[in-house]
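> I have a structure here, written as structure tokens, and I will follow up with some questions on it.
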Amino acid sequence: MSPVQKAIWYIESHFADDVVLDDIAQASGVSRYHLVRAFGLATGCSVMRYVRARRLSEAAKALANGAPGILAVAIDAGYGSHEAFTRAFCDQFGVPPETVRARGDTNHLPLTEPLKMNETVLETIAEPRLEDGRRMTVVGLAERYTDETSAGIPAQWQRFLPYLGTIAGQVGGATYGVCCDSDANGNVKYLCGVEVSGPSDLPPEFSRVDIPACRYAIFTHYGHISGIRRTWRTIYTKWLPASRLMRAEGPDFERYSEDFDPEGGTGGIEIWIPVHA
């Protein structure tokens, strides 16, 4: 069973409890960061967003079935007050809990049912090469995404491409898509940029990420760039759990070689994952 499948089982077995991300990661046998990345890649939603949606969906069913008191339902769903529960319920469904109880049905609510994991992965993936990566600094445009909004990354690259060739101190011709600073809600910062050497005058809209020296498992993505998410998903949900390696702390990133064609979406693409034995 993969870490994501273990996480889904644990959530479905415990979401009525005061479950937190650390509990789910421990039950899944991987680090918080590994779980956040793998869960989002496999399911399209974040771990804790799924937990909240499942709790509120079960609460909505209880209300529609005639639960006598809203506060009791709120407590069962993990909320300490009627007010906090009502805010979360309205954010999730667009109506207050009193309305659902009065209607006696959930027909018009976007309920979240137990998740069936998206298991679309590559049948096989070539073994990565292992390499000690050096410390480097990458600068460029950064945005935060959830797994639901990550479709915006190609547009971010389009905004970045006009800067190429104008960035002071650029090292080499490769470009990088760096994933870092993930949180419990599944938000991750994605920076598209280039490596630079030393301090330099950067556009005010730029951000920087310092990538530490680390051991990496380096995978080649074959085919069009539109399929790269499937390669990421295969690494995190299939290859890593079956390997003798564990994901180390630190950013992982895509490396686009100089022969990558941003117009056609093809060329040399690697995925670098920090690992340790």
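The values are calculated or read from the model by the stated rules, or taken from the named source; none is laboratory data. Treat the numbers as computed from the prediction; the structure is a model and nothing was measured. Methodologically, a virtual Cβ is constructed for each residue, glycine included, from the backbone with ideal geometry; neighbour enumeration extends over all protein chains shown. Keep in mind that these areas ignore ligands, DNA and RNA; they rest on the heavy atoms of the full protein, side chains included. Shrake-Rupley method; radii C 1.70, N 1.55, O 1.52, S 1.80 Å.
> Tell me which residues, restricted to segment 226-245, are in a helix (DSSP H, G or I) and open to solvent by 40 Å² or more (accessible area, probe 1.4 Å).
226, 229, 230, 238, 241, 242
> I need the full set of residues from segment 64-82 which are assigned to a loop (DSSP other than H, G, I, E, B) and exposed (fewer than 15 other Cβ atoms within 10 Å of the Cβ), in order please.
Answer for segment 64-82, where residues must be assigned to a loop (DSSP other than H, G, I, E, B) and exposed (fewer than 15 other Cβ atoms within 10 Å of the Cβ): 65, 66, 68, 69, 80, 81.
> Within segment 26-50, take every residue that is more than 14 Å from the chain's Cα centre (by Cα) and surrounded by fewer than 22 Cβ atoms within 10 Å (Cβ to Cβ) and give me the one that is nearest to residue 275 (Cα to Cα).
29
> Still on this structure: Right, residue 155: of a type in the set (A, V, I, L, M), over 16 Å from the mean Cα position of the chain (by Cα) and surrounded by 14 or more Cβ atoms within 10 Å (Cβ to Cβ) or not?
Considered against the rule, which asks whether it is of a type in the set (A, V, I, L, M), over 16 Å from the mean Cα position of the chain (by Cα) and surrounded by 14 or more Cβ atoms within 10 Å (Cβ to Cβ), residue 155 comes out as no.
> Which pairs do you get when a residue that is closer than 23 Å to residue 38 by Cβ, found in segment 146-159, comes within reach of a residue that is of a type in the set (Val, Ile, Thr) and open to solvent by less than 80 Å² (accessible area, probe 1.4 Å), reach meaning Cβ atoms under 9 angstrom, with the pair 6+ apart or on two chains?
Within 9 Å, the pairs are 146/188; 147/43; 147/188; 150/188; 154/225.
> Moving on to the next point. Among the residues of segment 83-131 satisfying the criterion of being among the small types (Gly, Ala, Ser) and surrounded by fewer than 17 Cβ atoms within 10 Å (Cβ to Cβ), which is nearest to residue 248 (Cα to Cα)?
Filtering segment 83-131 for residues that are among the small types (Gly, Ala, Ser) and surrounded by fewer than 17 Cβ atoms within 10 Å (Cβ to Cβ), the one nearest to residue 248 (Cα to Cα) comes out as 126.
> Does any residue of segment 186-206 turn out to be part of a helix (DSSP H, G or I) and among the hydrophobic types (A, V, I, L, M, F, W, C)?
No, every residue in segment 186-206 fails to be part of a helix (DSSP H, G or I) and among the hydrophobic types (A, V, I, L, M, F, W, C).
> Between residues in segment 55-66 that are on the phi < 0 side of the Ramachandran plot and residues that are charged (D, E, K, R), which pairs lie under 8 Å by C-beta distance while being six or more apart or on different chains?
57/113; 59/76; 62/76; 63/101; 64/101; 64/103; 64/105
> When you check residue 214 against the structure, is it in contact with a Leu (Cβ under 8 Å, 6 or more places away or on another chain) and either crowded, with 18+ Cβ neighbours inside 10 Å or under 23 Å from residue 42 (Cα atoms) (or both), yes or no?
Judged against the criteria, residue 214 is not a match.
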